[in-house]
Amino acid sequence: MELSKNYLPGDIEAKWYQHWLDKGYFNSTPDHRESFTVVIPPPNVTGVLHMGHCLNNTIQDILVRRARMQGKNACWVPGTDHASIATEAKVVQMLRERGIAKSSIGRDEFLGYAWEWKEKYGGIILQQLKKMGCSLDWNRTSFTMDDAYYKSVINVFIDLHKKGLIYRGKRMINWDVKAKTALSDEEVIYKEVQSKLYYVRYQIADSDEYITIATVRPETILGDTAICVNPDDERYKHLHGKYAIVPLINRRIPIITDEYVTTDFGTGALKVTPAHDMNDYQLGQKHQLEVIDTMNDDGTLSEAAQLYIGEDRFEVRKKIVPELDSKGHIVKIEDYTNQVGFSERTDAVVEPRLSLQWWVSMKELAAPALKAVMEEEIQFHPAKFKNLYRHWMENIKDWCISRQLWWGHRIPAWYAPDGQYAVAATKEEAFSRLTSHDSRLTMDDLRQDDDCLDTWFSSWLWPFEVFKGLSDPGNAEVKYYYPTNTLVTAPEIIFFWVARMIMAGEEYMQQTPFKNVYFTGIVRDKQGRKMSKSLGNSPDLLALIDQYGADAVRFGIMISSPAGNDILFDESALEQGRNFNNKLWNALKLVKGWESRISPLTSHDSHDAQISPSFATDWFHARLQKAKAEVETLMQQFRLSEALKTLYSLIWDDFCSWYLEWAKPGFEQPVAADVYAKTIAYFEEMMQLLHPFMPFITEEIYQLLRTQETDICIKQQTAAQPADNNILAAGELLKQVISALRDARNKNQIKPKDQIKLHIETVNEAPYKNIIGILSKQVNAVTIDFDTANNTNTIVIAVEKDKFFIETEKQLDTTALKAELLKDLEYQKNFRDSVLKKLSNERFVQNAKPEVVELERKKMADAEARITNLEESLKNL
RNA sequence: GGGAGCAUAGCUCAGUUGGUUUAGAGCAUCUGCCUUACAAGCAGAGGGUCCGCGGUUCGAACCCGUGUGCUCCCACCA
C-alpha cells in the first residue's frame, strides 16, 4: 500500500470515530471489573465548544482512555446543564427578535419556546466533542431537567426543607427597576461614571454641632437610620453614642462605630441606609438598625420616604440637593468617578433592594465536605487549592437558591392568600397541609412560588443523579459506578460546584462523589488575556481541528498545560502537534519500507555489524521500559503534560533520531528478521502509550503496522518491565560520543560524505566493542581502532575520560579547536576548584551525608582526569 | 478591603525530602546540510545576576523574613 507523503488527519479521524462507535467500545455496563467513572462537567445547553472545553475534555478523555486500556470498566458520562440564567436570556433574546416580549406571554408558553430552543441547539456542543475524539458513553447522555432528574431536585429541596436546612429570608439583591426583576450578580455590568460627591451636614441632636458625611446618592438620606464612624477616629470620639438629625425629615438616628469605615475617605463619617446599599445592610444587621425601604419596585420613592413620594429616584436627586443647600446642609460638592452597576438586559441603573428569598443553611452541610478534602479522602490536583477550599468552607455563608426566572426547577412551595405556605411535591399535598390550618381554603386559592432554583442546585447532584442515585435509590448502576474517580474542572467553580457536589454526595450517598479533582487552568491568549467573545481572541476550535487535525489540537493544548496553571494558547503548539503527527507517519513509512527486505537471518545468526544491530534493539527495549515506568508515575501524579513530553521525546529523539538510525540497514541491505519484529513491537507499544493523548493517528498506525487481533483503544497495556541500567548507560555513552564527533566534524567543516578514520584511546575498550558497527556508520568512519594516532593532522576530542582522534584528509585549522579546548579546560578547572573547596571544608565532610561526600570525591576525580586529558590534547596540537 | 498564588534562557515552563545541576526541556534564534522515512526534516551551536535585599545552614533556585512587580478569586468602597 502506498502511504501519503504527509499525514492527512481528516478522513482517518472520521473513519476511526465511527468504527469505535459501531463497535460500542465507549459503552459501559456494570460487570466484574473495577469501574472507572468520570462524569463530564455538563456544558451549558447554550454553549458552543471553546478552548476551555477542549482542554477540559481532552484531559478527561486521556484519563478515561488510559483506564480503559488498563482493563478497567471505564465509563464517561456525557450531558448538559439547563443553565437557567444563560438559557433564559438566550430565549428572551430570540423571542424579542421575533417581536415577542416575555412579559406578554405566560409561563407555560415561554417554557414551550425554551424547550424548543433546547431541543434545537442544546446538543450541538456534544456533537462537537465527537470531533475531538472524546470516548463518551453516548447511551448515557443526561440533562439536568430530564423528568427523573427534575423530580430528584425537587425532592432534595423538600428533604432539606424538612430537615430545617432550607429557609426563607431577606436578602439584598440587584433590582432592575425597568424589568421589575431581580438580577443575578453575573447580569450586573459595572461601568465607570462621572458622579458628584455631596458633603452633607447633619445636626447633632441637642447641640449646635454638626457632623458631615459624603454621599453620591443624596436621595437615600430619607432612608438613613444611622451614621457610622471608625471607633479610632479621633475627630469623632466625642460623638460616640450620640444622635444625629436627618435633614428635611428630622429623624433621630444613632451615631455608631465600626471598623468597616475608613478614616481617609470623605469625612470619615458614613451615612447608613440599610435598605438601599449592600454594605449598609450588613452594617444594619450587625448593629440591629431599623431598615426603611424608601423605594417602590419601579424606582420611584415610596411613602416611607415621606418626601417626593412617587417621583423617580434620579429626579429626586436633582431636587433634593437644592433643598438641602437652601437649608444650609450642603457643605461642598466634588466631582467623583465611581463604579455603578447597570442591568445587562435593560441598561437601567441597578438598585440594591431587599427581598424575600429561599436559602440553604450551609454550616452543617459544609463540615463533612471540608473534612473529606482536608483528610485527603478527596485529593486535589494540584494540592494548592486545598487552602482556598478550606478558607471558603470555614467561612461559608448561606446559599441563596431562588432565582426570579422561569427556565429551571420551579420551587415546590405553595402560598395561601394570607401568606401561609407549604413545601410539598404536589399542589394536592400542599393543599391538604394548608387546609389543616385554614379549612376555608380552596385549591384555586393556592399559588405556587414563581421562582426557580439556582442552576447549581441541580448540578450539585450530577455525579449520582446521572445514575439515578436518588430517583432510583440503591440501583445496581449507582452502586457500581459511584463514587466516580476523577472530576476535571476549572478552579473558578470550586465553590459554586465542586464544594457543593461534595456536600450533596455526603448528604445523599454517604460517600464523596469523586476521589480526585483535577483543576485545569484558564485558557488565555498569547498576551495572557482571558479568551472571550468580546475580545474576539477565542479561536474557532472546529476550524483548528480542520486545519491541524484533532490529535494535533489535543497535543498542542496538553503540551502547554500543567495542572492548575493557566495556559497561554499559541497556535505554534498545534503546529508542533501536527509536525509530531507527521514524524510518526514518516517513521511508519520507514518501518513499512523494511517489510520487503526482511532477511531470514536474525541478528544473532550473523556477525556482520551492519545487519546485526542487536545492541540497538536491546538498548531501545530498556529505554522504552524506562519511559513507560516514568509515564506510569507521572500519570498517577496527574502530571499529564509531563507524561506527554516524556512520550514526545521518547518517540522523536530516542526512537526516531537514535534507534531507527542505529537499527536502519544500509541502502538495499536486508533487515534482520528479529530487528524488524522488535521494531514493530516497540512501535506498537509506543502507540499504545500515546493513544490516550492522540487517539486517531495511534489507531491508524497500529492497524497499518501489521494485522492486529484487536483495536488499539481496547488493547490492554502491559506493565513496564525493569530496565537494564548497564545498557542504558552504554546507550548514553554512545549518544555522547556520536554527538561529540559530529560536533567536531561540523566545526572542522568535514562534509557528511567525507570519511574519517577514528582512533579511540581508553583504559577500558569493552563498552565500545558492542557499538563499533553503529558508531562507524553514524560518524562515517571508514575504520575504528584502539591505537594511538600518529598522523599529526588529527582532531582530538575528549569524552568522559576517553580520547578520540579523528584522522582526515582535510587540512585542519587548529586555532578554533584550540580555543574550544581552552574554554573547556577553564570550565573543568573552575569546576574542580569549586569541588575542592567543598571537600576541604571540614564541616562539609563532617556534616554532609557520606554518599554526598563520596559523590563529590568522584566528581573531583573525574574532573582531574578530564583536565589531564585536555592538557595532553592541547600539547598534541 | 479579605484571601490565594506566581516571579528560573527571547517565549512557555520543569527543577518531586536543601547536596548526581557554577541550573534543564520545548518553542524561537544562529550555523551547516535538499543524507534514498520525514525541509512539517537532519546535524550542531549560542543563550541564565534562578526578581532585589537580608537571614538560617558546612551547603540555598529550593527553607525563613522583607521589598518590588504581576495574576486570580471573593467583597466592592460611602
Could you list, in sequence order, all residues of the range A:644-677 that are open to solvent by 30 Å² or more (accessible area, probe 1.4 Å) and among the polar types (S, T, N, Q)?
A:649, A:657, A:669
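Here is a yes/no grid of residues against (1) within 14 Å of RNA strand B (Cβ to nearest atom); (2) in a helix (DSSP H, G or I); (3) modelled with pLDDT of 90 or more:
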site: A:623; (1), (2), (3): no, yes, yes
site: A:652; (1), (2), (3): yes, yes, yes
site: A:658; (1), (2), (3): yes, yes, yes
site: A:666; (1), (2), (3): yes, no, no
site: A:669; (1), (2), (3): yes, no, no
The range A:305-326 - residue that is of a type in the set (Gly, Ala, Ser) and under 26 Å from residue A:343 (Cβ atoms) and, of those, most open to solvent (accessible area, probe 1.4 Å)
A:310
Scanning for something β-branched (Val, Ile, Thr), outside any helix (DSSP H, G or I), open to solvent by less than 20 Å² (accessible area, probe 1.4 Å) and touching a helix residue (DSSP H, G or I) at 6+ places or on another chain (Cβ under 7 Å), does the range A:130-147 turn up at least one residue?
yes
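Given the criteria within 16 Å of RNA strand B (Cβ to nearest atom), more than 29 Å from the chain's Cα centre (by Cα), under 26 Å from residue A:259 (Cβ atoms) and in a strand (DSSP E or B), does residue A:213 qualify?
Working: within 16 Å of RNA strand B (Cβ to nearest atom): yes; more than 29 Å from the chain's Cα centre (by Cα): yes; under 26 Å from residue A:259 (Cβ atoms): yes; in a strand (DSSP E or B): yes.
It is true that residue A:213 is within 16 Å of RNA strand B (Cβ to nearest atom), more than 29 Å from the chain's Cα centre (by Cα), under 26 Å from residue A:259 (Cβ atoms) and in a strand (DSSP E or B).
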For residue A:19, all conditions in the list (1) assigned to a helix (DSSP H, G or I); (2) more than 26 Å from residue A:581 (Cβ to Cβ); (3) open to solvent by 10 Å² or more (accessible area, probe 1.4 Å); (4) not basic (Lys, Arg) hold save one; what is the number of the exception?
(2)
Just a yes or no: is a residue in the range A:27-46 touching a helix residue (DSSP H, G or I) at 6+ places or on another chain (Cβ under 8 Å), of a type outside the set (Lys, Arg), open to solvent by 40 Å² or more (accessible area, probe 1.4 Å) and closer than 30 Å to residue A:565 by Cα?
yes
Among residues of the range A:730-751, those that are touching a Lys or Arg at 6+ places or on another chain (Cβ under 8 Å) and open to solvent by 30 Å² or more (accessible area, probe 1.4 Å), counted
1
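Among A:570, A:525, A:566, A:540, which is the only one that is under 21 Å from the mean Cα position of the chain (by Cα) and open to solvent by less than 20 Å² (accessible area, probe 1.4 Å)?
A:525
I want to confirm something. Restricting to the range A:782-816 and keeping residues that are hydrophobic (A, V, I, L, M, F, W, C) and over 27 Å from residue A:730 (Cα atoms), which single residue is least open to solvent (accessible area, probe 1.4 Å)? Reasoning before the result, please.
Quick first cut of the range A:782-816, residues hydrophobic (A, V, I, L, M, F, W, C) only: A:782, A:784, A:786, A:789, A:795-799, A:804-806, A:812, A:816.
This time we only want the ones that are over 27 Å from residue A:730 (Cα atoms), so: A:812, A:816.
On the way: A:812: 33, A:816: 68 Å².
Among them, the one singled out is A:812.
Yes/no matrix, rows are residues, columns are (1) under 21 Å from residue A:204 (Cβ atoms); (2) open to solvent by less than 60 Å² (accessible area, probe 1.4 Å); (3) touching a Ser or Thr at 6+ places or on another chain (Cβ under 6 Å):
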{"site": "A:261", "(1), (2), (3)": "yes, yes, no"}
{"site": "A:270", "(1), (2), (3)": "yes, yes, no"}
{"site": "A:289", "(1), (2), (3)": "yes, yes, yes"}
{"site": "A:299", "(1), (2), (3)": "no, yes, no"}
{"site": "A:303", "(1), (2), (3)": "no, no, no"}
I'm trying to understand the selection: among the residues of the range A:200-244, which are in contact with a Phe, Trp or Tyr (Cβ under 6 Å, 6 or more places away or on another chain) and open to solvent by 60 Å² or more (accessible area, probe 1.4 Å)?
A:201, A:203
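Just the residues that are part of a helix (DSSP H, G or I) and free of Cβ contacts under 8 Å to residues at least 40 places away in the same chain, please, taken from the range A:22-52.
Keep residues of the range A:22-52 that are part of a helix (DSSP H, G or I), which gives A:22-23, A:51-52.
Within the range A:22-52, just A:22 meets the criteria.
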Filtered residues of the range A:486-496 (kept if open to solvent by less than 10 Å² (accessible area, probe 1.4 Å) and touching a strand residue (DSSP E or B) at 6+ places or on another chain (Cβ under 7 Å)):
A:486, A:487, A:488, A:489
Find the residue count for the range A:334-361, including only residues that are touching a helix residue (DSSP H, G or I) at 6+ places or on another chain (Cβ under 8 Å) and at pLDDT 90 or above.
1
Filter the range A:543-563 down to residues that are within 27 Å of residue A:379 (Cβ to Cβ) and β-branched (Val, Ile, Thr) and give me whichever is surrounded by the fewest Cβ atoms within 10 Å (Cβ to Cβ).
A:559
Residues of the range A:108-139 classified as over 24 Å from residue A:96 (Cβ atoms) and of a type in the set (Lys, Arg), total
2
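Can you tell me which residue is modelled with the highest pLDDT among those in the range A:565-606 that are among the small types (Gly, Ala, Ser) and more than 8 Å from RNA strand B (Cβ to nearest atom)? Steps first, answer last, please.
Step one: filter the range A:565-606 for residues among the small types (Gly, Ala, Ser), giving A:572-573, A:577, A:587, A:593, A:596, A:599, A:603, A:606.
Going one step further and asking which of them are more than 8 Å from RNA strand B (Cβ to nearest atom), we end up with A:577, A:596, A:599, A:603, A:606.
On the way: A:577: 94, A:596: 88, A:599: 84, A:603: 75, A:606: 62.
Among those residues, the one meeting the criterion is A:577.
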If you go through the range A:346-353 one residue at a time, do you hit one that is within 10 Å of RNA strand B (Cβ to nearest atom), of a type in the set (Ser, Thr, Tyr) and open to solvent by 30 Å² or more (accessible area, probe 1.4 Å)?
no
Residue ID - nearest to residue A:468 (Cα to Cα), chosen from residues in the range A:93-129 that are open to solvent by less than 50 Å² (accessible area, probe 1.4 Å) and of a type in the set (Val, Ile, Thr):
A:125
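Here are A:220, A:263: which of them is part of a helix (DSSP H, G or I), out of contact with any Leu (no Cβ under 8 Å at 6 or more places or on another chain) and within 9 Å of RNA strand B (Cβ to nearest atom)?
A:220
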Going through (1) within 22 Å of the chain's Cα centre (by Cα); (2) surrounded by fewer than 20 Cβ atoms within 10 Å (Cβ to Cβ); (3) within 16 Å of RNA strand B (Cβ to nearest atom); (4) not small (Gly, Ala, Ser) one by one, residue A:483 fails only at (3)
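If you take the residues in the range A:541-564 that are of a type in the set (A, V, I, L, M) and near RNA strand B (Cβ under 10 Å from one of its atoms), which one is farthest from residue A:639 (Cα to Cα)?
Of the range A:541-564, the ones of a type in the set (A, V, I, L, M) are A:541-545, A:550, A:552-553, A:557-559, A:563.
Among the residues that remain, those that are also near RNA strand B (Cβ under 10 Å from one of its atoms) are: A:552, A:559, A:563.
Values: A:552: 19, A:559: 11, A:563: 7 Å.
Top of the filtered list is A:552.
So which residues in the range A:540-561 are under 15 Å from residue A:648 (Cβ atoms) and outside any helix (DSSP H, G or I), if there are any at all? Walk me through it before giving the result.
Narrowing the range A:540-561 to residues under 15 Å from residue A:648 (Cβ atoms): A:551-552, A:554-561.
Answer for the range A:540-561, where residues must be under 15 Å from residue A:648 (Cβ atoms) and outside any helix (DSSP H, G or I): A:560, A:561.
The values are calculated or read from the model by the stated rules, or taken from the named source; none is laboratory data. Since the structure is predicted, the reported quantities are computational estimates derived from the model, not experimental observations. Cβ atoms come from the backbone with ideal geometry, glycine included; neighbour counts cover every protein chain shown. When the accessible area is computed, the model is the full protein with side chains, heavy atoms only, and any ligands, DNA or RNA have been set aside. Shrake-Rupley method; radii C 1.70, N 1.55, O 1.52, S 1.80 Å.
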